[in-house]
Amino acid sequence: MTAVDPNLPWYLAQLRPNGLSMALRNLERQSLTHFAPMETRTERRAGKFVTREALAFPGYVFVQPNPDAGGVRAINAPRGISKLVALGPEPAAVPHDLIEALRLRFSPAPEVAAPDFAPGDHVQILEGPLADFVAEVEATASEGRVYLLIELMGRATRVAVDARRLKFTGE
């Protein structure tokens, strides 16, 4: 994405079917500023859960025209774009406040380092179905997973949890 100009309006462009990669490639080639908010989605396919990046607004991309390169008309030219969304005869501009809010919402979260745990530490699970349970660390894995022993129904059960979803307890 090229630099955002706060003085130029944003428009919503409808993509052709399966035209996202072609549209983004051609918008880059024409030096048009664009924004395609992506989000992580987990879906069930063939009995397995698959996590992938997908458009937050399937079939659409936000584009800011370059007045030196044809203005609004240039947005309809790139391959992969079907048309600009219009309310009446003219394309409808998207408010800058909405674009800024979407950019904040869909910007990638900074990666947080996982705390170091040692076997025997007592930790509290912060998220998920076992949230607020206190468990004992059994082992740590190199991929940021921690194996815990948690007491469920009178017996110790081993569970694997992301280390970023745990915190030390005072025990």
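Of note:
- Radius ratio Rg over Rh of the chain, counting only Cα atoms, Kirkwood formula for Rh: 1.19
- Along principal axes, Cα extents of the stretch 1-100, largest first, whole Å: 50, 29, 28
- GNM flexibility winner over the chain from GLN30, GLN124, GLN14 (Cα, springs under 10 Å): GLN124
- Measuring nothing but how far apart in sequence close Cα pairs (under 8 Å, 6+ apart) lie, relative to its length, the stretch 87-171 scores a relative contact order of 24 percent.
- Computed over the chain: relative contact order in percent, which uses C-alpha pairs under 8 Å that are six or more apart: 20
- Cα centroid separation - the stretch 31-72 against the stretch 80-98, whole Å: 16
- Most fluctuating residue given options VAL161, VAL94, VAL85, as computed from a GNM of the chain linking Cα atoms under 10 Å: VAL161
- GNM flexibility winner over the chain from PRO67, PRO115, PRO95 (Cα, springs under 10 Å): PRO115
Throughout, read-outs are computed from the coordinates displayed, never taken from laboratory work. The shown structure was predicted, so the numbers you read here are calculated from the model rather than taken from an experiment.
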